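Single-structure report; data block below.
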Amino acid sequence: MTDLKSMLPEEIQEYLAGIGEKPFRAKQIFRWISAGETDIDNMTDLSVSLREKLKSECTVTRAKIVSKLVSKIDGTVKYLFELADGEKIETVFMRYKYGNTVCISTQAGCRMGCTFCASHINGFRRHLTPAEMLEQVMAAMRDTGEKVKGIVLMGIGEPLDNYDNVLQFLRLVHHPEGLNISHRHISLSTCGLVDKIDMLAKEKLQITLSVSLHAPNDDIRRQTMPIAKRFSYETLIDACKRYIEVTNRRISFEYALISGVNDSDKDAHQLGKVLSGMLCHVNLIPVNEVKERGYKKSTREQVARFTEILNSYKINTTVRRKLGGDINASCGQLRAEHREE
Ligand code: SAH
């Protein structure tokens, strides 16, 4: 079945041409989908015969809410959605002062295997389609009745491991007749697939690239992130420098502080030296203690020291504010629990 929600107007047009339909219908269909319609029967400005034809060959993805948790602290909403084939994925709706942001998943499960992360506890299932990524944003809008200003690709999955679908999603979501979300309000987070970072640089998108670094050197990175065995630390940092040069965009480095693993003063100095002079920002995250993982988060004092040391290298550093602390809003946890039951 063709999923119309994964297609740009010009692609719908091409498809329609193939079944002998007029090109202007494509815009109508794209508008219905962008307005949240998932039932072809309700697209009332299309002829009944076209609707019948579409129904026999096409779908418009719709996600079903399996569970929904709302934080009493800050209004963060965490969804577990079910897709057409029964796969379950997580999406988080967050309220920030500057607007609502949705954190979406890009894969069902993950094959990167970072040891601190809950996303791969039940393995890798499959890539998500562009439509399924878009639908996470739209379903959250439908349910909350609110607008969305920003998107972060920081849910379950490795976006650059699903490169083509993610790129198509980015095109769809910022289409002026679609959700029209500015790329400047979109962040894509990667564990560091160097070849794909180079590919992405060539697209020259205005998105923010976040790189999950989590270590000041190769030895420490290899302890927690299997991807570090495929791409060395130096290769990754070089790719980040190329990315900055080609796109002129600042990179955001994610660094989960794990007590006794990567949070010493020495680690902070080493990281400071590596990143010094780069157009970047460091986002420190006291590691979320996933029960299956056994890591402890760094103390508040150590987080402050780490920040101070990075600042001494003139590196812009922030500590991530935790949203949805009462609802387990960190990636993978809800899905993992659901599968356990
Ligand atoms: N695969 C992508 C995006 C998904 S994870 C990536 O690796 O970047 C989003 C962010 O959460 C990543 O920086 C990831 O390393 C981090 N993360 C995963 N588990 C975490 C945990 N238990 N505590 C803190 N951060 C975690």
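The values are calculated or read from the model by the stated rules, or taken from the named source; none is laboratory data. All values derive from a computational prediction rather than experimental measurement. Positions of Cβ are generated from backbone atoms using ideal geometry, with glycine treated the same way; all protein chains shown enter the neighbour counts. Note: accessible area is taken over every heavy atom of the protein model, side chains too, but ligands, DNA and RNA are not part of it. Shrake-Rupley method; radii C 1.70, N 1.55, O 1.52, S 1.80 Å.
In table form, for the structure just shown:
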| read-out | value |
| --- | --- |
| Cα Rg over Rh - the chain, Kirkwood | 1.00 |
| Distance (nanometres) between label positions extended 7 Å along Cα→Cβ at Glu234 and Glu308 | 3.4 nm |
| Ranking by accessible area, most exposed first, for Met225, Met112, Met141 with a 1.4 Å probe | Met141, Met112, Met225 |
| Residues of type lysines that Lys202 reaches as a straight line, Cα spacing below 23 Å, ignoring anything fewer than 8 places off in the same chain | Lys241 |
| Partners for Lys72 among lysines (Cα-Cα distance below 19 Å; same-chain residues under 8 apart left out) | Lys97, Lys322 |
| Förster radius 22 Å - calculated FRET efficiency between Gln223 and Arg111 (Cβ-Cβ, nearest 0.05) | 0.75 |
| Restraint check, Lys204/Lys314; Lys273/Lys296; Lys204/Lys266, Cα-Cα greater than 30 Å | Lys204/Lys266 |
| Point-to-point label distance, Val246-Glu301, nm (Cα→Cβ direction, 7 Å offset) | 4.5 nm |
| Label zone at Tyr98 (point 7 Å along Cα-to-Cβ), backbone N below 11 Å, segment 280-314 | none |
| Normalised convex hull volume, segment 98-187, alpha-carbon set, Å³ per residue | 104 Å³ |
| Length-normalised contact order of the chain in % [C-alpha pairs under 8 Å, at least 6 apart] | 16 percent |
| Two-site label geometry, Asp143 and Ser67: point separation in nm, points 7 Å out along Cα→Cβ | 1.2 nm |
| Radius ratio Rg over Rh of segment 2-59, counting only Cα atoms, Kirkwood formula for Rh | 0.89 |
